[in-house]
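**Q** A single structure is presented below for examination.
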Ligand SMILES: Cc1cc2nc3c(=O)[nH]c(=O)nc-3n(C[C@H](O)[C@H](O)[C@H](O)COP(=O)(O)OP(=O)(O)OC[C@H]3O[C@@H](n4cnc5c(N)ncnc54)[C@H](O)[C@@H]3O)c2cc1C
């Protein structure tokens, strides 16, 4: 029987490596590609940059579908309300979509699937958002999520390399398939503009990372041409505060599914072929495995985006401090490195992984003692790559709540940035009010004599805030509080023993320390006691993980 099929785009906003879309095309006479602006996902909590990225991705998708004589239908509402009407109106016999592991998505998909089946509609979903079938990874680990990266790697090895991506559908694949477009298509199903969504676009800056599959593939191609860079990529060697990104910035594309993670993986494999190259955890393959690691944890650990009810997460008595939280969020902490990163986040929607480390540590266990859940919310709103699993997982890591337990390793909001940007050019770019400060004071403007502040045209306390806390004091107090939180943990919650912090290979921290010793021996020894911590901290701790 020839089908009338809805392919439901959610993430996976692409044609390449889209097995569910390919399943839609099999024995199909009519295809309706649908995207629903679900108020649960697309609401006031989504920042402007992310909205712009999404709209760009949808336009690109529509454009690619038009080339195949099809169109995208954009609707608004709750999927469980929208679908029954569409099923009837279009006499749908098949529904296809990409499997999504987020708790909300799972329950939404269950409801929609039940509704579809009640109407005799067959439902097909395929796994293509992650490298592996996450449930399979958990199954392979006796039903438990692996809590260390090394364990995840072992499991992935057991399953073999990720599946090869499949090509995008061609004109030939679509030759017998129609997308009946009503005359009113533009009126009823068009992609809304930001203005039509009642968004005030006046604060939008330059679009540095336009959404869409074509842009994703173009950027991937550009990176893959740099074979030497790809092969020697080591995350700890990249810089949190370079003026242009030192990593790929493919994350927004992977998050929205404009780029398939498997395509990314296999393109890297092609570049590596026959060449000496870096390895996980620091390589680009290694980065994709970090993604897999956090996805697996997010599926296997209930209440993953919360502290309470999350069995893997250390229960910490975080403070409630709206003033501190607002200062952090609005780049008013008085620590220029932190404020510059938060400004980059707000303006551009992306910042380097280690920059995320710095601000996440600062908000939580390092300085402000505010819950990682609060930071998670801010990132979710402002990051272009905001991803439920990766955001929650990395925040838990950085706050030393889950996965990473060396809470005594605290990033210094002053010394960390200096290592890769001695003159503070990054700070000057994002905090122009400090641009005339001499390098000596750019990370600590409050230490500059009044005459220097006057000459720089920026008086601390008037034109730029005083530091919100004294890092040298609070971080020590916070380490103590963290110690107490750890002491309250149940033995079962101690992955240090259970999962084995022992490593068969040196950790990234070890590697980073070695590098630092070589490169900056003298410089480091001059740094203060905070810095002695820093030499450990500045290490991509996620890098200890990442
Ligand atoms: C507190 C905090 C919150 C974060 N929230 C998110 C988030 O919401 N969404 C998100 O995509 N990443 C998140 N990350 C992880 C990481 O910072 C970004 O994935 C990375 O900076 C994206 O830049 P890139 O594409 O240039 O990365 P590259 O270094 O070029 O890596 C390639 C790809 O690997 C994946 N990847 C890299 N690092 C990580 C990591 N640590 N964890 C998981 N996947 C990784 C991404 O898909 C990335 O595109 C967070 C990190 C921290 C510390």
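Any read-out appearing in this document is the output of simple, stated calculations on the displayed coordinates, not a laboratory observation. Please read these numbers as outputs of a predicted model, since none were measured by experiment. Every residue, glycine as well, gets a Cβ built from its backbone with ideal geometry; the counts of neighbours run over all protein chains shown.
**Q** What order do you get for 353, 40 when you list them from fewest to most C-beta neighbours inside 10 Å?
**A** 40, 353
**Q** Once the Cα gyration tensor of region 1-64 is diagonalised, what are the square roots of 5 times its eigenvalues, in whole Å and ordered largest first, as equivalent ellipsoid semi-axes? Write down the numbers at each step before the final one.
**A** Details: eigenvalues 141, 31, 16 Å².
Each semi-axis is √(5λ); the values are 27, 12, 9 Å.
**Q** Still on this model: Extension gain residue 207-residue 193, at 0.36 nm per residue separation less the Cα-Cα distance, in nm?
**A** Extra length from residue 207 to residue 193 when fully extended: 3.5 nm.
**Q** Using a Förster distance of 45 Å, how high is the FRET efficiency between residue 226 and residue 330, based on the Cβ-Cβ distance and rounded to 0.05?
**A** Working: r = 37 Å, r/R0 = 0.81.
For residue 226 and residue 330, the calculated efficiency is 0.80.
**Q** Right, here's the next one. Based only on other Cβ atoms within 10 Å, what is the fewest-to-most ordering of 411, 443, 42?
**A** Working: 411 31, 443 23, 42 15.
Fewest to most other Cβ atoms nearby, the residues stand as 42, 443, 411.
**Q** Let me ask something additional. In whole Å, how far is the Cα centre of region 395-418 from that of region 424-480?
**A** 22 Å
**Q** Run through all the Cα pairs of region 256-391 and give the fraction in each 5 Å bin from 0, expressed as whole percent.
**A** In order of increasing distance, the bins hold 2, 9, 16, 19, 17, 15, 11, 6, 3, 1, 0 percent.
**Q** Report the extension gain between residue 170 and residue 27 in nm, rounded to one decimal, defined as 0.36 nm multiplied by the number of residues separating them, less their alpha carbon distance.
**A** Extra length available between residue 170 and residue 27 comes to 50.0 nm.
**Q** Related question: Kindly put 246, 371, 490 in sequence by how many other C-beta atoms sit within 10 Å of each C-beta, fewest to most.
**A** Ordered by Cβ neighbours within 10 Å, fewest first: 490, 246, 371.
**Q** Further question: Please give, to one decimal in nm, the separation of the simple spin-label points placed at residue 181 and residue 321, each 7 Å out from Cα toward the Cβ.
**A** Placing both labels 7 Å beyond Cα along the Cβ direction yields 5.6 nm.
**Q** Within region 80-115, what residues put their amide N at less than 12 Å from the label point 7 Å along the Cα-to-Cβ vector of residue 122?
**A** So the set is 93-96.
**Q** Another one. Just report the Cα centroid separation between region 192-212 and region 103-148, whole Å.
**A** When both Cα centres are located, 32 Å separates them.
**Q** When you take every Cα atom in the chain, what is the radius of gyration, and what is Dmax, the widest Cα pair distance, in Å?
**A** Radius of gyration, then largest Cα-Cα span, for the chain: 24.4, 83 Å.
**Q** Then there's this: Figure the gain on full extension for residue 440 and residue 139 (residue separation times 0.36 nm, minus the Cα-Cα span) and round it to one decimal in nm.
**A** 102.9 nm
**Q** For the chain, what does the helix formula give at 222 nm: sum of -39500 (n - 2.57) over DSSP H segments with n ≥ 4, over the residue count, nearest 500 deg cm²/dmol?
**A** Rounded to the nearest 500, it is -13500 deg cm²/dmol.
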